[in-house]
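K.L.:
Quick one: the structure is below, questions incoming.
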Amino acid sequence: MVGLQAEMIRSELEEVVGTPNLSTDDTARLVYATDWFWLPQMWLDRGEKPRKPDYIVRPGNAEEVSAILQIANTYRIPVIPWGGGSGSQGGALSIYGGIILDTKRMNRIIEIDEKSLTVTAQAGINGAQLEWALNDKGLMLPHYPASANCATLGGYLSPRGTGTISTKYGKAEDLVLSMQVVLPDGHIMRTPVVPQHAAGPDFYRLFLGAEGTLGVITEATMQLDYLPEARLLRAVLFENLADAIEAGRQIMTRRLDPFVIRLYDPRSTASRVKKILGYELEGAYMVIGFDGDKDLAALQEQKAMEIILRFGAKDLGREPGESWWNHRYDFYYPPQSLKLPWMYGTTETVTTYDKIEKLYYAEKRAVEEGFKDRDIDFIGHFSHWFHWGVMVYTRFIIKNPPEDAQEAVRLHNRVWNTAMTAVLENGGMVNEHHGVGLKLSRYMRRQYGDAWPLLERIKKALDPNRIMNPGKVGF
Ligand SMILES: Cc1cc2nc3c(=O)[nH]c(=O)nc-3n(C[C@H](O)[C@H](O)[C@H](O)COP(=O)(O)OP(=O)(O)OC[C@H]3O[C@@H](n4cnc5c(N)ncnc54)[C@H](O)[C@@H]3O)c2cc1C
């Protein structure tokens with residue numbers, strides 16, 4: 001944006017956040033031109049020009065956020081909340097320019113309540129910083145995403161993230177008790193302190209999963225747990241995936257309460273597990289863990305192992321389970337992470353136990369057969385287990401994508417369309433924890449069918465000028 005209007009907006013924003021907290025120079029704008037979505041990263045890698053934001057502002061509190069949104073409404077320009085920028089869905093991209101609202105200056109812990117076991121913090125606090133402060137008091141926020149070092153509390157909640165130990169402790173959204181939110185018109189509101197009640201519908205949850213399209217989360221109160229006395233981990237090897245999924249289902253439906261079940265499909269066992277953990281195995285590798293009181297955890301583990309061994313799985317002992325725990329994040333960072341110029345994507349989905357196996361094979365077949373000529377690799381693991389179903393984290397990898405950026409976009413979109421069609425036709429959700437962002441925005445109508453117009457009406461009522469993160473989450 002250039003000219004007089006640009007200068008007017010700039011001076012108004014500067015008035016709100018102060019000169020050091022506003023950037024309009026080219027370098028800063030380029031830094032905010034991509035999150036971890038493959039498409040914009042590839043675009044930059046191939047030397048193409050990205051769409052940059054016009055302004056980057058770093059407000060320090062809800063009042064400043066409110067003033068920024070009011071300015072954006074006056075001039076009808078987009079506002080895109082930005083936490084750590086670690087999202088993989090293009091949710092924080094400024095595809096129509098506008099204002100990047102970086103929340104990281106809102107990084108204060110407001111209160112740790114050691115009686116109710118809660119923490120209240122500003123939404124821009126870094127995940128690792130928050131965790132360290134809690135650990136010093138023998139506490140933890142039991143949301144352990146692989147991105148904790150680079151993500152923020154608001155970024156955990158806004159796309160409805162899931163961490164490594166969610167199977168016992170729940171998703172980020174299950175841990176939130178209350179939030180302060182700034183609505184698109186600048187109104188500041190707080191949800192009730194007590195999250196479970198019967199005082200009307202739970203409309204506050206609208207902001208979880210909205211990914212900045214319905215407002216900005218500026219504070220949250222989260223449920224904590226004590227650091228566990230014991231963490232018992234072990235690994236087992238199943239001959240086939242079907243037995244492993246059924247064993248996992250039985251453990252969950254009997255409520256044996258593992259904090260983690262990480263099950264790798266045979267292709268991942270032979271490739272990623274071998275490469276990262278160094279075990280050469282054939283079959284489906286599963287890590288299972290129990291935590292908390294050490295006697296209770298040991299009993300739960302014993303009961304789970306009775307189920308596992310009934311399926312003829314081989315007990316590999318503690319060491320490979322503990323090694324996985326110690327290296328659990330290595331899978332996602334250099335030198336082990338997938339990297340450009342490869343094309344890759346995580347098509348993680350969730351469904352009920354009656355459908356999960358069929359869905360996994362349908363997606364695998366569709367992707368492998370549809371892109372045989374590209375020598376596509378399809379790998380997966382099952383990592384967030386519920387009482388009713390499980391998430392499968394599937395990935396495709398193409399090591400020889402087109403060099404031409406436009407052609408790469410076309411191929412990328414075709415793979416996603418193939419994968420998402422298989423997912424939707426087999427009862428899956430387009431996503432379980434990375435959120436929708438820009439990447440999955442075009443599937444939202446199909447996902448929700450006749451329920452979609454209700455969401456559109458809510459969006460229209462809250463954000464009539466459509467300033468909040470346009471082009472995302474189907475809006
Ligand atoms: C290496 C790596 C590992 C990952 N592992 C996991 C994992 O284990 N589990 C998982 O769930 N995800 C994972 N992710 C995805 C991503 O890191 C998470 O979704 C993370 O929680 C995003 O937080 P962020 O602060 O970086 O958000 P951003 O990327 O900055 O934003 C994500 C979306 O939320 C919106 N947003 C951000 N802050 C706010 C706010 N305060 N109010 C309203 N909207 C807001 C943004 O506009 C955007 O739409 C991983 C990503 C990477 C790169």
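K.L.:
Output the residues belonging to region 168-187 that are away from the ligand (no atom under 13 Å from the Cβ) and out of contact with any Pro (no Cβ under 8 Å at 6 or more places or on another chain).
P.N.:
Listed by number, the residues that qualify are 185, 186, 187.
K.L.:
Which ones in region 314-341 are touching a Leu at 6+ places or on another chain (Cβ under 7 Å) and basic (Lys, Arg)?
P.N.:
Across region 314-341, the qualifying residues are 314, 318.
K.L.:
For residues that are under 21 Å from the mean Cα position of the chain (by Cα) and either among the basic types (Lys, Arg) or closer than 21 Å to residue 475 by Cβ (or both), tally how many sit in region 71-110.
P.N.:
The number of residues fulfilling the criteria is 19.
K.L.:
Continuing with this model, one more query. One residue is enough: does region 396-412 have a residue meeting the conditions buried (at least 18 other Cβ atoms within 10 Å of the Cβ), closer than 17 Å to residue 246 by Cα and touching a Gly at 6+ places or on another chain (Cβ under 9 Å)?
P.N.:
Checking region 396-412: not a single residue is buried (at least 18 other Cβ atoms within 10 Å of the Cβ), closer than 17 Å to residue 246 by Cα and touching a Gly at 6+ places or on another chain (Cβ under 9 Å).
K.L.:
In region 108-141, what residues are small (Gly, Ala, Ser) and either buried (at least 19 other Cβ atoms within 10 Å of the Cβ) or part of a strand (DSSP E or B) (or both)?
P.N.:
Passing the criteria: 121, 123, 124, 127.
K.L.:
Pairs, please: C-beta under 7 Å, at least 6 apart or cross-chain, first residue assigned by TED's automatic domain parsing to the domain that holds residue 153 and within 17 Å of residue 226 (Cα to Cα) and in region 113-132, second more than 12 Å from the ligand (Cβ to nearest atom) and in a helix (DSSP H, G or I)?
P.N.:
Pairs found: 119/134.
K.L.:
Okay, moving on. Determine if region 72-87 includes at least one residue that is at positive phi, at pLDDT 95 or above and surrounded by 17 or more Cβ atoms within 10 Å (Cβ to Cβ).
P.N.:
yes
K.L.:
If you don't mind, another one. Filter region 1-46 for residues that are in a loop (DSSP other than H, G, I, E, B), farther than 14 Å from residue 100 by Cα and touching a residue at least 60 places away in the same chain (Cβ under 8 Å) and give the result.
P.N.:
37, 46
K.L.:
Something else about it: So in region 75-88, with the set limited to residues that are part of a loop (DSSP other than H, G, I, E, B) and touching a strand residue (DSSP E or B) at 6+ places or on another chain (Cβ under 8 Å), which one is farthest from the ligand (Cβ to nearest atom)?
P.N.:
Residue satisfying both the conditions and the ranking: 77.
K.L.:
Of the conditions (1) more than 9 Å from the ligand (Cβ to nearest atom); (2) within 30 Å of residue 50 (Cβ to Cβ), residue 127 clears all except one; give me its number.
P.N.:
Answer for residue 127: the failing condition is (1).
K.L.:
Is it true that residue 59 is more than 22 Å from residue 223 (Cβ to Cβ), of a type outside the set (D, E, K, R) and touching a Ser or Thr at 6+ places or on another chain (Cβ under 7 Å)?
P.N.:
So residue 59 fails the test.
K.L.:
Look at residue 409 and say whether it is more than 24 Å from residue 174 (Cα to Cα), in contact (Cβ under 8 Å) with a residue 12 or more places away in the chain and touching a Leu at 6+ places or on another chain (Cβ under 7 Å).
P.N.:
Yes; evaluated as a whole, the condition is true for this residue.
K.L.:
Right, something else. Restricting to region 418-441, and then to whatever is over 25 Å from residue 172 (Cα atoms) and surrounded by 15 or more Cβ atoms within 10 Å (Cβ to Cβ), can you tell me which residue is nearest to the ligand (Cβ to nearest atom)?
P.N.:
Among those that are over 25 Å from residue 172 (Cα atoms) and surrounded by 15 or more Cβ atoms within 10 Å (Cβ to Cβ), it is 419.
K.L.:
Touching a residue at least 60 places away in the same chain (Cβ under 8 Å), assigned to a strand (DSSP E or B) and small (Gly, Ala, Ser): does that describe residue 72?
P.N.:
In short, no.
K.L.:
Being in contact with a Lys or Arg (Cβ under 6 Å, 6 or more places away or on another chain) and closer than 24 Å to residue 291 by Cβ is true for just one of 173, 211. Which residue is that?
P.N.:
Answer to the selection: 173.
Condition check ((1) within 27 Å of residue 160 (Cβ to Cβ); (2) among the basic types (Lys, Arg); (3) away from the ligand (no atom under 14 Å from the Cβ); (4) at pLDDT 95 or above) across all residues:
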position: 311; (1), (2), (3), (4): no, no, yes, yes
position: 314; (1), (2), (3), (4): no, yes, yes, yes
position: 317; (1), (2), (3), (4): no, no, yes, yes
position: 357; (1), (2), (3), (4): yes, no, yes, yes
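K.L.:
With the structure loaded, tell me whether residue 165 is under 26 Å from residue 327 (Cβ atoms), hydrophobic (A, V, I, L, M, F, W, C) and within 13 Å of the ligand (Cβ to nearest atom) or whether it fails that test.
P.N.:
So residue 165 passes the test.
K.L.:
On the phi < 0 side of the Ramachandran plot, in a loop (DSSP other than H, G, I, E, B) and away from the ligand (no atom under 16 Å from the Cβ): which single residue out of 453, 464 fits that description?
P.N.:
464
K.L.:
When residues of region 236-259 are filtered for being farther than 15 Å from residue 303 by Cα, touching a residue at least 60 places away in the same chain (Cβ under 8 Å) and of a type outside the set (D, E, K, R), how many remain?
P.N.:
6
K.L.:
Now a separate question. Only one residue in 91, 138, 97 is of a type outside the set (Ser, Thr, Tyr), in contact (Cβ under 8 Å) with a residue 60 or more places away in the chain and near the ligand (Cβ under 8 Å from one of its atoms), so which one is that?
P.N.:
91
The values are calculated or read from the model by the stated rules, or taken from the named source; none is laboratory data. Since the model is a prediction, treat every value here as computed from it, not as a measurement. Positions of Cβ are backbone-derived with ideal geometry, glycine not excepted, and every protein chain shown enters the neighbour counts.
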